[in-house]
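The values are calculated or read from the model by the stated rules, or taken from the named source; none is laboratory data. These numbers were taken from a predicted model, which means no experiment stands behind them. So basically every Cβ, Gly included, is an ideal-geometry build from the backbone, and we count neighbours across all protein chains shown. We work out accessible area using only protein heavy atoms, side chains counted, and drop any ligands, DNA or RNA first. Shrake-Rupley method; radii C 1.70, N 1.55, O 1.52, S 1.80 Å.
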Amino acid sequence: MAYEPPTHRVERSLRATLGVRTVAGVDEVGRGAWAGPVTVCAAVTGLRRAPEGLTDSKLITPKRRTKMAAVLADWVTSFALGHASPEEIDDLGMTAALRLAAERALGGLPERPDAVILDGKHNYLGGSWRVRTVIKGDQSCVAVAAASVIAKVRRDAAMAELDAEYRPFAFADNAGYPSPVHRAALEELGPTVLHRLSWSYLDALPRWQHLKKVRRLDEQVEQGEQLGFDF
């Protein structure tokens, strides 16, 4: 299936209207997972022509996505990753954990960007950054698409490395997201140190419900996707 390639339209608009020089695209992966960190990538691309085939990581096959990430690592001006651990997600809630991971990613860039393009409609970064939110920015903005691919490939690889230690959970296949195999392992073995204990999947596991951490009501609303199997 053909997709419209991402452009630098938003980057150019920010340069023209705000007079900024460096713009970072920011995207996350792992928000709806049951296990593992939430990972944010910040990528600076300048205005160079994007590699052919670049788009939202979810629209690229795993094989092509891995190849694209390798190309992007050399093509982008700079990029950095930030993570928030399962424990931090449980303690802070997802919005604050995303902010923490994004701050870590942006702080890892060699130069602080003048503005940030954030995928989605909610500015979880707060007021310390000039932010432009773009719905489906991972499809329409070059820098956000690059961040999307790098974040997805790097997090998937990190979860796959844990597969040998946590074989029943099949992290190499599901990257910590909901799946029938993952659910079956949880029912039999219970959650590991990699699992988010404030997530509602524990409500369906009577044997392990006593491990659930109570999270704030406003954060519970954000987890509506966590019971599905789409990833």
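Determine whether segment 145-154 contains at least one residue that is open to solvent by 30 Å² or more (accessible area, probe 1.4 Å) and either without any contact (Cβ under 8 Å) to a residue 24 or more places away in the chain or within 21 Å of V23 (Cα to Cα) (or both). So far as segment 145-154 goes, no, none of its residues is open to solvent by 30 Å² or more (accessible area, probe 1.4 Å) and either without any contact (Cβ under 8 Å) to a residue 24 or more places away in the chain or within 21 Å of V23 (Cα to Cα) (or both). Yes or no: segment 152-166 includes at least one residue that is of a type outside the set (D, E, K, R), closer than 28 Å to V214 by Cα and over 14 Å from the mean Cα position of the chain (by Cα). Looking for residues that are of a type outside the set (D, E, K, R), closer than 28 Å to V214 by Cα and over 14 Å from the mean Cα position of the chain (by Cα), one finds at least one in segment 152-166, hence yes. Count of segment 116-152 residues, restricted to those that are closer than 26 Å to A70 by Cα and assigned to a strand (DSSP E or B), is 6. The residues of segment 80-99 that are in contact (Cβ under 8 Å) with a residue 40 or more places away in the chain and open to solvent by less than 20 Å² (accessible area, probe 1.4 Å), listed by number, are G82, A84, P86, I89, D90, G93, M94, A97, L98.
If you go through segment 124-144 and keep only what is over 11 Å from D56 (Cβ atoms), open to solvent by 10 Å² or more (accessible area, probe 1.4 Å), in contact with a Leu (Cβ under 8 Å, 6 or more places away or on another chain) and of a type outside the set (D, E, K, R), you end up with Y124, W129, V131, T133, V134. Every condition in (1) free of Cβ contacts under 8 Å to residues at least 40 places away in the same chain; (2) farther than 24 Å from L125 by Cβ; (3) of a type outside the set (D, E) is met by I60 except one, and the failing one is (1). Annotation note: Cβ proximity below 6 Å between a residue of segment 108-121 that is in contact (Cβ under 8 Å) with a residue 60 or more places away in the chain and a residue that is of a type in the set (D, E, K, R) (sequence gap 6+ or interchain) occurs for D114/R21; A115/R130; I117/R132; D119/D27; D119/D138.
Quick check on this structure: which one of A158, A172 is surrounded by fewer than 23 Cβ atoms within 10 Å (Cβ to Cβ), within 19 Å of T66 (Cβ to Cβ) and either in contact with a Cys (Cβ under 6 Å, 6 or more places away or on another chain) or touching a residue at least 40 places away in the same chain (Cβ under 8 Å) (or both)? Of the residues listed, the single one that is surrounded by fewer than 23 Cβ atoms within 10 Å (Cβ to Cβ), within 19 Å of T66 (Cβ to Cβ) and either in contact with a Cys (Cβ under 6 Å, 6 or more places away or on another chain) or touching a residue at least 40 places away in the same chain (Cβ under 8 Å) (or both) is A158.
Out of the residues in segment 61-120 that are among the hydroxyl-bearing types (S, T, Y) and touching a helix residue (DSSP H, G or I) at 6+ places or on another chain (Cβ under 8 Å), state the one that is farthest from S13 (Cα to Cα).
Applying the filter and picking the extreme gives T66.
Using the structure shown, decide if A33 is hydrophobic (A, V, I, L, M, F, W, C), within 24 Å of M94 (Cβ to Cβ) and not in a loop (DSSP other than H, G, I, E, B). Answer is no for this residue. Here segment 6-24 is the region considered, the condition is being in contact (Cβ under 8 Å) with a residue 24 or more places away in the chain and open to solvent by 60 Å² or more (accessible area, probe 1.4 Å), and the residue that is farthest from V134 (Cα to Cα) is R21.
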